[in-house]
Structures are given as C-alpha cells and as structure tokens.
Amino acid sequence: EAVYYYHPLLSEVEIEPDIVHVYCTPLQAMRLIQGYCFPTGERFTMSCIGIRGVSCDMTAWPYVKQDINGTFLCLGARGISNWEEEYVGFGMPMFKFEEVVVGMEKSMKGFPYKIFPKSIVHERTLRQ
C-alpha cells in the first residue's frame, strides 16, 4: 500500500489508487468537467478553500465524498511542485476517473469548435 504514489504511466503501477490526481490547464479542465457531466447531465460543483489544495481539496474531500473535486491549488502545492498559475487540479476516486475518461471520449464530437480561439493548444488539438 502507499499513502501517495506518483507514476507517469498508470499502466505500470501495480496498485490501484484510491484517488487519482489530475493537474491541467483551464481548457483541459473544461473537457474533464464535460466528461464528468456527460453521462448524467448534472452540474459539476467543487469545494475549495484556497489552502491545502492537494491534501484537502484533491485528496481528503474526494476520498470522503467518493466524488470528484477541483481546486485552484495553493501556495504550498505551487511552490513545492513548481506548478505555474495556468494549472488547476482535480482529485477523484479511481472509479470516477474511469467514468470521466469514458465521458470525455463520448462528448468529444465537435471539439474543438470552429469558432474556438486560436492558440497553441487549439492547433495541437486539431492535429491529434
């Protein structure tokens, strides 16, 4: 068992995590939330306090509630991990992560929109 275990390739991890952390840009967060909402049509809500972004918002809250939660991270998380201001974080139980991935795949049609602002991320998305 592990309290916290990081590995960039989930397929190489021999334990199933209780909680999955996702660090992403707001554009990627939008897609993640769409994937979360797609199966049910319910709105995504998050609870954060601006401090303890990883320990509380991304780990304890999702574990206790058994649901996804988002955070704008905190000074400690950003300072220790060198996460710049353009990143946000999400924590969710493994079963929710799997549901989000399926929802993202099913809700992908039409993305990116033709009127989506031009950006490096947009250009990369178009090439994929």
Notebook entry, point to check: In segment 21-47, which residues are closer than 17 Å to Phe95 by Cβ, in contact with a helix residue (DSSP H, G or I) (Cβ under 8 Å, 6 or more places away or on another chain) and part of a loop (DSSP other than H, G, I, E, B)?
Noted result: Phe38, Pro39, Phe44
Checklist line | Of all residues in segment 48-71 being assigned to a loop (DSSP other than H, G, I, E, B) and either in contact with a helix residue (DSSP H, G or I) (Cβ under 6 Å, 6 or more places away or on another chain) or at pLDDT 95 or above (or both), the one that is least open to solvent (accessible area, probe 1.4 Å) | finding: Ile68
Check: Counting just the residues of segment 8-47 that are of a type in the set (Ser, Thr, Tyr) and at pLDDT 90 or above, which one comes out farthest from Leu75 (Cα to Cα)?
Finding: Tyr36
Checklist line | Of all residues in segment 72-85 being charged (D, E, K, R) and in a loop (DSSP other than H, G, I, E, B), the one that is farthest from Phe44 (Cα to Cα) | finding: Glu84
Check: Of the conditions (1) at pLDDT 85 or above; (2) surrounded by fewer than 17 Cβ atoms within 10 Å (Cβ to Cβ), Tyr5 fails just one. Which one is it?
Finding: (1)
Check: Which residues, taken from segment 33-47, are small (Gly, Ala, Ser) and surrounded by 19 or more Cβ atoms within 10 Å (Cβ to Cβ)?
Finding: Gly35
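The values are calculated or read from the model by the stated rules, or taken from the named source; none is laboratory data. Bear in mind the structure is a predicted one, so any value in this text is a computation, not a measurement. Neighbour counts are summed over all protein chains in view; Cβ atoms, including those assigned to glycine, are modelled from backbone coordinates with ideal geometry. The protein model used for the area step is the full one, side chains on, heavy atoms only, and it has no ligands, DNA or RNA in it. Shrake-Rupley method; radii C 1.70, N 1.55, O 1.52, S 1.80 Å.
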